[in-house]
Amino acid sequence: MRRTKIFLVVLGLIISYTTAHATDYGVKVMVVDSLGESEMFATVRLFNDLDTIKPIYVGVTDENGLFDYKINKAGRYQLKIQSTGKNELVNPFSVDDATPIADLGTLVMQDNAEVLGEVTVMAQRPLVTKDIDRIGYDVQADESSKTSSIIEMLRKVPMVNVDAQNNITVKGSTSFKVYKNGRPNNSFTNNPKEVLSAIPASMIKRIEVITEPGAKYDAEGVGAILNIVTLENTSIKGVMGNVSAQINSLGTPQGSLWLSSQIDKVTVSAYAGTHYMNKGISKSETFTHYDYKDSGSSMDYVSKGYYKGSGTWFGADASWEPDTLNLFNLSFNGYWHDLDVPGSTSTIMSAADGSTIYSYKSKYSYPQSYLDFTGNISYQRSTHRKGETFNLSYLVSTTDQDRDQSQEYFDMVNMPVNYTGTHSVFDLKFIEHTFQADWTRPFGKIHTLDVGAKYIYRDNHSTTTNEYIGVGETFSDFSHITQVLAGYGEYRLRLGRWSAKAGIRYEYSYLKADFEDGTQPGFSQNLSDWVPSAAISWQANDANSFTFNYATRINRPGISYLNPAIEEGPNSTSQGNPDLASARHNSLKLTYMYIKPLFNLNLSANYEFSNDMIAAYKTVESIDGVDHIFSTYGNVGDRRHFFVNANMQWSLTPKTQFVLNGMASWTQYKVDRQGLSLARWGWGGFARLSHQLPWKLRAELAGGKNQVYVNDVYSYTEPKTNSGWNYYLSLQRSFLKEDRLSVSVYVLNPFGSKVNSTYQYYVNGDYTGYSDTRMLNVGKMAMLRVAYRFGSVNAQVKKTAKSISNDDIIGRKL
């Protein structure tokens, strides 16, 4: 703690020094349009007169059209002012001891007739934008994007929290999807912190948090989408790219490459990366204690292990625009990993009087491989009516997962089973075909209609062989096919300071399950779902806005929830439930946003509720006088979730920025079948202070607290290391022309514990207790990252306006 205080004092002195030694030189200007009205939020770039390529500072005019900035030293400068629909203003000036403040008076921006003929002029917002169903962060308007990764930009995005270990939550939840250019990207979603920390922010146009996916985005799946939008200027031919590498103090390296090129009317963008996982970063211990209510007996379980292996992600986009009305897009992405998870366990079951009922130890090995691949092709036809588009899309998505798990028991005392080990072989094959058509049509200046249709064919097939050594084996061959036919309509209205949208989606689903092994008869289901959504927004003035959203979504069970194969151990048995039905979730949300050039505030209150949701169902039964846990899934859960979220971004000085994300929540789960209920309050947050130092150095101090969260009706999780607090320090330096080379050093919890401990408390059901999981080395570490940009083109792949996204499955992989 004493060292932390010393660091804060030193950082404060640095900030104070660099701020206090700034001179009183400056520039002031008032910007108006041709009618004499204030030109709000116009982009202002300040250049040294000897270097008009790289700006010294980028800012915006305030709501009165005023720009006022302090300059460090005397000299000759140039001011460039831009605003949508206006001709650029260029104004040279100089400051010296005789004229320390350059007052440029009032400058008039004239309308650009060509631009006004093609776009609707709107006031330019600084960095953060708010639409009726999403929040956007303008990455290109942030100067630090040139030398940062996406993960570093996400720390500034409202509704997104990124902790000191790069774990991401959206709206306080880890249940979110990551899209790239409006299309689902499984390689981004499966490993967001690895992939997004490797992709350069300089390639990204904006980051969107789609907080309320409406009928157009499907009413299925998760409650939030993180959409990464790349640049789309295709006017320059050439090649550009970014290569990066990083390594931490635990010896786990990561590397990535991003390329973009254009040949005639075809633009291509491709990326790939890999990371290696070793014993140092993954070594863990888990200590578990259960107390069984009826018998009074207890169980103590210890597990120690690690994982090792590698993971690779890859993807590409290509577009062809033969003319201004037609656009073709082809994309694919994938993720692959190959891991081995060795370890050991120790188990003791004790009677109420403390005597040992049974005990045993084991060694296990858990090699597994996973491949996920998604391909998409789409065509967009634009008409001569501005804003009208027709889109046709096809998506194919596959998953191939293999697991070969073996466990050997030894030092057995009164073993409750008659086998000496287990060997389980699991193979999953998943393929999904989706066909989609969309039409967007504006009517007049204030009305827009979106309609579309989708067909999905989804085939899940898994085989499971469980061998009980010395006794025999069981075999399961399970196939599950789902067909979905859906149609949607969504209407949007913009009327002055008011905007609204309303949508409805109908989905018909046909589910068929076959037990190819003949152990059970097959079955089928027909489901119909009407899924409405609505939102209304009021822009009180240029700075203040209010939005209210209502949305519903559904989840369909994946094969890991449906598979009836029984997995049995000495003290527990689990299996899926092929009779599961889809579950419906409802949400209400009120959002307030305050946007100023130097200060942004986002406040939201959310309430979510769902009945008959898919939830784990656990019971304890006595077998030959020994307690045994049985678990499966059912449509048995009710959930109520209320949370408030606050995000603040404040430019304290031109060189110093402060960001604060905070959240408080109340969550309740109920299972009426067992008469159980569990509710907990939790809170968490993240704060970041960054300061631009001399010599192209940027320093950051950030930290936060992970919140308590409810897992289900039986348990909740609470971080224990440093009472749930984490922090990191970083220093970044740019080199070479145009800051092409950047070097970053991060230090995580330098004065904290290297053990990261998380407790899970079991407080309901037939047994209670706790589980303490300790990651032994990740609590504190250092990391070095080097990134290099090459090439100078500005070509990025154009995207069709509509694309396919399927988010309704939970439990697609095991």
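Does any residue of region 61-68 turn out to be of a type in the set (G, A, S), surrounded by 19 or more Cβ atoms within 10 Å (Cβ to Cβ) and closer than 17 Å to A141 by Cα?
So far as region 61-68 goes, no, none of its residues is of a type in the set (G, A, S), surrounded by 19 or more Cβ atoms within 10 Å (Cβ to Cβ) and closer than 17 Å to A141 by Cα.
What residue, of V710, V763, V755, is among the aliphatic types (A, V, I, L, M), over 25 Å from V160 (Cα atoms) and surrounded by 15 or more Cβ atoms within 10 Å (Cβ to Cβ)?
Selected residue: V755, the only one of V710, V763, V755 that is among the aliphatic types (A, V, I, L, M), over 25 Å from V160 (Cα atoms) and surrounded by 15 or more Cβ atoms within 10 Å (Cβ to Cβ).
Name the one entry in K705, K696 that is open to solvent by 20 Å² or more (accessible area, probe 1.4 Å), over 24 Å from Y762 (Cβ atoms), modelled with pLDDT under 90 and not β-branched (V, I, T).
K696
Of all strands (runs of 3 or more DSSP E) completely enclosed by region 536-604, which ones contain at least 2 residues that are open to solvent by 40 Å² or more (accessible area, probe 1.4 Å) and at positive phi?
Of the strands (runs of 3 or more DSSP E) lying wholly inside region 536-604, none has at least 2 residues that are open to solvent by 40 Å² or more (accessible area, probe 1.4 Å) and at positive phi.
Would you mind stating whether N645 is crowded, with 19+ Cβ neighbours inside 10 Å, of a type outside the set (F, W, Y) and more than 23 Å from V710 (Cα to Cα)?
The answer is no for N645.
Looking at R733, is it surrounded by 20 or more Cβ atoms within 10 Å (Cβ to Cβ), among the basic types (K, R) and under 30 Å from F751 (Cα atoms)?
No; evaluated as a whole, the condition is false for this residue.
K720: in contact with a Phe, Trp or Tyr (Cβ under 6 Å, 6 or more places away or on another chain), without any contact (Cβ under 8 Å) to a residue 40 or more places away in the chain, open to solvent by 30 Å² or more (accessible area, probe 1.4 Å) and farther than 23 Å from H585 by Cβ, yes or no?
Considered against the rule, which asks whether it is in contact with a Phe, Trp or Tyr (Cβ under 6 Å, 6 or more places away or on another chain), without any contact (Cβ under 8 Å) to a residue 40 or more places away in the chain, open to solvent by 30 Å² or more (accessible area, probe 1.4 Å) and farther than 23 Å from H585 by Cβ, K720 comes out as no.
Could you give me the residue pairs with C-beta distances under 9 Å whose first residue belongs to region 556-584 and is within 30 Å of S359 (Cα to Cα), whose second residue is part of a helix (DSSP H, G or I) and open to solvent by 40 Å² or more (accessible area, probe 1.4 Å) wherever it lies, and which are 6+ apart or on separate chains?
Qualifying pairs under 9 Å: G576/Y561.
Scanning region 157-190 for residues that are charged (D, E, K, R) and modelled with pLDDT under 75, which turns out nearest to the chain's Cα centre (by Cα)?
Among them, the one singled out is K171.
Does any residue of region 97-104 turn out to be at pLDDT 85 or above, open to solvent by less than 30 Å² (accessible area, probe 1.4 Å), more than 30 Å from Y594 (Cβ to Cβ) and among the hydroxyl-bearing types (S, T, Y)?
no
Working only within region 677-690, note down all residues that are modelled with pLDDT of 90 or more and of a type outside the set (D, E, K, R).
Selection gives S677, L678, A679, W681, L689.
Open to solvent by 70 Å² or more (accessible area, probe 1.4 Å) and in contact with a Phe, Trp or Tyr (Cβ under 6 Å, 6 or more places away or on another chain), is that true of L392?
yes
I'm trying to understand the selection: among the residues of region 371-381, which are under 25 Å from P322 (Cα atoms) and either buried (at least 19 other Cβ atoms within 10 Å of the Cβ) or in contact with a Pro (Cβ under 9 Å, 6 or more places away or on another chain) (or both)?
Correct list: N376, S378, Q380.
Which residue out of T345, T356 is open to solvent by less than 20 Å² (accessible area, probe 1.4 Å) and farther than 30 Å from I263 by Cα?
T345
What's the total number of residues in region 7-51 that are more than 36 Å from the chain's Cα centre (by Cα), among the polar types (S, T, N, Q) and at pLDDT 75 or above?
Residues meeting the conditions: 2.
G634 versus (1) surrounded by 17 or more Cβ atoms within 10 Å (Cβ to Cβ); (2) among the small types (G, A, S); (3) at positive phi: which is the lone unmet condition?
(3)
Among (1) open to solvent by 70 Å² or more (accessible area, probe 1.4 Å); (2) within 30 Å of R134 (Cβ to Cβ); (3) small (G, A, S), there is one condition A502 misses while meeting the rest; what is its number?
With respect to (1) open to solvent by 70 Å² or more (accessible area, probe 1.4 Å); (2) within 30 Å of R134 (Cβ to Cβ); (3) small (G, A, S), A502 is out only on (1).
For region 772-781, does any single residue satisfy the condition of being closer than 30 Å to E621 by Cβ and in contact with a helix residue (DSSP H, G or I) (Cβ under 9 Å, 6 or more places away or on another chain)?
No, the conditions are met nowhere in region 772-781.
Let me spell it out: the conditions are (1) open to solvent by 20 Å² or more (accessible area, probe 1.4 Å); (2) outside any strand (DSSP E or B), and Y419 meets all of them except one. Which number is the exception?
(1)
This table checks each residue for (1) free of Cβ contacts under 8 Å to residues at least 40 places away in the same chain; (2) touching a Phe, Trp or Tyr at 6+ places or on another chain (Cβ under 8 Å); (3) closer than 30 Å to I623 by Cα; (4) assigned to a strand (DSSP E or B).
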residue: D372; (1), (2), (3), (4): no, yes, no, yes
residue: R381; (1), (2), (3), (4): no, yes, no, yes
residue: T398; (1), (2), (3), (4): yes, yes, no, yes
residue: M415; (1), (2), (3), (4): no, yes, yes, no
residue: K429; (1), (2), (3), (4): yes, no, no, yes
residue: F435; (1), (2), (3), (4): no, yes, no, yes
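Checking L231 against (1) under 12 Å from the mean Cα position of the chain (by Cα); (2) at pLDDT 70 or above, only one condition comes out false. Which one?
(1)
Just to verify a result, which residue in region 360-370, among those that are part of a strand (DSSP E or B) and surrounded by fewer than 17 Cβ atoms within 10 Å (Cβ to Cβ), is nearest to the chain's Cα centre (by Cα)?
S369
Residues are listed down the side, and each one gets a yes or a no for (1) within 24 Å of N555 (Cα to Cα); (2) open to solvent by 70 Å² or more (accessible area, probe 1.4 Å); (3) part of a strand (DSSP E or B); (4) free of Cβ contacts under 8 Å to residues at least 12 places away in the same chain:
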| residue | (1), (2), (3), (4) |
| --- | --- |
| D450 | yes, no, yes, no |
| N466 | no, no, yes, no |
| F478 | yes, no, yes, no |
| R494 | no, yes, yes, no |
| Y508 | yes, yes, yes, no |
| L511 | yes, no, yes, no |
| T519 | no, yes, no, no |
| S533 | yes, no, yes, no |
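Scan region 669-686 for residues that are open to solvent by less than 40 Å² (accessible area, probe 1.4 Å) and not aromatic (F, W, Y) and jot them down.
Within region 669-686, V671, L676, L678, A679, G682, G684, G685 meet the criteria.
The values are calculated or read from the model by the stated rules, or taken from the named source; none is laboratory data. All values reported here derive from a predicted model rather than from experimental measurement. Using ideal geometry, Cβ is built from the backbone for each residue, glycine included, and neighbour counts are taken over all protein chains shown. The area values use the complete protein model at the heavy-atom level, side chains included, leaving out ligands, DNA and RNA. Shrake-Rupley method; radii C 1.70, N 1.55, O 1.52, S 1.80 Å.
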